[in-house]
Amino acid sequence: MMDFSFKRTDRFRRQSKEGWGKKKKWILLSGAFGVALFLIAYFFILPYRPIPSEGDPSEPVSVPLKEAQPREPEYQTIEGEIKEKSTLSKSLKEKNISSPQIERIVSALKPFLNFKKVKGGQFRFIADDRGEMVKFIFEAGPTEVYEIERGPQGYLARKKEVPLETYLVKVEGMIRSSLFEAMEAAGEKEQLVISFAEILASEIDFYKDVREGDRFQMAVEKVYKGKEFIRYGPIHAVEYQRRERMIQGTCFEGDFYDEKGLALKKAFLRSPLRFTRISSRFTKARKHPILGGVLPHYGVDYAAPSGTPIWAVADGAVVSCGWGGGFGKQVILRHPNGYITYYGHLSGYGPGIRKGVRVKQKQIIGYVGSTGLSTGPHLDYRMAKDGRFKNPLRESFPTGFPIEKGKLAAFQKRRNEVMVWLQGNHSDQKRLDGGE
């Protein structure tokens, strides 16, 4: 019995040992397979799992497919300018822009532009990769800009609004040699010189009355496009000081009045043309440059370039317009209060000037020339009253008309405001509300 039991137990142990070996082998194989699956999942499957959102991690997250971005359109830009004596069409053709495109541009701009009057300008032609116009910009001037743009309904042309800013500016200076020189030294342009002189034309003869040391100032509007100066606006007030004499003018309802409310504009101008020099004065004894001998010169000669416009010094009527012997081409005007004025050696006559027509003060009646007995371009200007010649440089004329009594208080308020601003110790620009 004992031997039997022992043998059975020994065989059982041997069988158990063999079974455990087989299990151990399967366990090892299973573990290796599991590790392999883990590595495959980690390196090849997990990187492609959707990234959970910051919200509920249990909600599925869809990752949209990345779409191909449309290619940006490619544009080509051609820039140019209209040169002197050229046209817009010619300038575009010189830039190799096709005839159909040029015809399209001209046709679109025709309602806005008179091409015969276009003297210059800059343009920008923008086209797509097929050469078809997308946009065209034409700057005829700083404030004159036109655009043609392609849209769903075709090409649309328009005049572009250019934003402008207006400032009230104080301009001042001192005379060294001339008003032109003084204005230029102050950084101003010829247009302002002329406007300033015309306001004071009845008070000051800028050929003979200007002296070194005279001072002037004015309040004037200036219009800008950004930092670019475009043009002058209205002058609000002027002031001119010559030694002890002070002349002030304030603009009120379109006219200028002095501090007492008398119009600066008088019946007669001090001079029949703007800026030049006096080459010969009124005298009873002058050696004639052509005829010789000593003869009276009952007028004033103003040396000026040929073609310089000549004004009527006062309202009146044309008595004569034609050849005046030694005076060459001549215009004679009759004015109220017995005055007659003579304008000789003209190169031509003003528009519509003929015998019998009425003229206004500052109307152009002729142009400086050298016709008749003349040694060079100049104006022979004479004045007579009641049949006797007068020295135009010394003649006294009546004061200007006073402002209406009912408007005097409003004028005085306006005058005080603008003069206080003008005489203030400042050099800044005052921006006007609204601009342009």
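The values are calculated or read from the model by the stated rules, or taken from the named source; none is laboratory data. No experiment lies behind these values; they were computed from the predicted model shown. No Cβ is skipped: glycine too gets one built from the backbone with ideal geometry, and neighbour counts run over all protein chains shown.
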_Count - residues of the range 96-120 that are surrounded by 13 or more Cβ atoms within 10 Å (Cβ to Cβ) and either assigned to a loop (DSSP other than H, G, I, E, B) or of a type outside the set (Val, Ile, Thr) (or both)_ = 10
*If you take the residues of the range 186-195 that are of a type in the set (A, V, I, L, M, F, W, C) and under 19 Å from the mean Cα position of the chain (by Cα), which of them is farthest from residue 227 (Cα to Cα)?*
194
*For residue 364, work out the one condition from (1) within 20 Å of residue 265 (Cβ to Cβ); (2) touching a residue at least 60 places away in the same chain (Cβ under 8 Å); (3) surrounded by fewer than 18 Cβ atoms within 10 Å (Cβ to Cβ) it doesn't fulfil.*
(2)
*Which of the residues that make up the range 150-160 are surrounded by fewer than 16 Cβ atoms within 10 Å (Cβ to Cβ) and modelled with pLDDT of 90 or more?*
156, 158, 159, 160
_Step by step: first the residues of the range 235-284, then only those that are closer than 17 Å to residue 194 by Cα and charged (D, E, K, R), then the one that is modelled with the lowest pLDDT. Which residue is that?_
277
*Got a sec? Which of 194, 199, 204 is hydrophobic (A, V, I, L, M, F, W, C) and modelled with pLDDT of 90 or more?*
199
*Starting from the range 88-115, keep only residues that are free of Cβ contacts under 8 Å to residues at least 40 places away in the same chain and within 16 Å of residue 148 (Cα to Cα), then list their pairs with residues that are among the basic types (Lys, Arg) and surrounded by 13 or more Cβ atoms within 10 Å (Cβ to Cβ) whose Cβ atoms are within a distance under 7 Å, requiring at least 6 positions of separation or different chains.*
102/93
*Residues of the range 320-339 that turn out to be surrounded by fewer than 18 Cβ atoms within 10 Å (Cβ to Cβ) and under 23 Å from residue 202 (Cβ atoms), as a count*: 4
_Hits in the range 230-257 - residues which are surrounded by fewer than 18 Cβ atoms within 10 Å (Cβ to Cβ) and either of a type in the set (Asp, Glu) or assigned by TED's automatic domain parsing to the domain that holds residue 362 (or both)_ = 244, 253, 255
*Considering the range 403-426 alone, what residues qualify as being of a type in the set (Gly, Ala, Ser) and in a helix (DSSP H, G or I)?*
406, 409, 410
*Whichever residue in the range 375-393 is in a loop (DSSP other than H, G, I, E, B) and touching a residue at least 60 places away in the same chain (Cβ under 8 Å) and, among such residues, is nearest to residue 341 (Cα to Cα)*: 392
*Give just the number: which of (1) assigned to a loop (DSSP other than H, G, I, E, B); (2) surrounded by 14 or more Cβ atoms within 10 Å (Cβ to Cβ) does residue 131 not satisfy?*
(2)
*Could you tell me which of the residues 183, 218 is in a helix (DSSP H, G or I), more than 19 Å from the chain's Cα centre (by Cα) and among the aliphatic types (A, V, I, L, M)?*
183
_Residues of the range 186-213 satisfying the condition of being out of contact with any Leu (no Cβ under 8 Å at 6 or more places or on another chain), in a helix (DSSP H, G or I) and not hydroxyl-bearing (Ser, Thr, Tyr)_ = 190, 191, 192, 194, 198
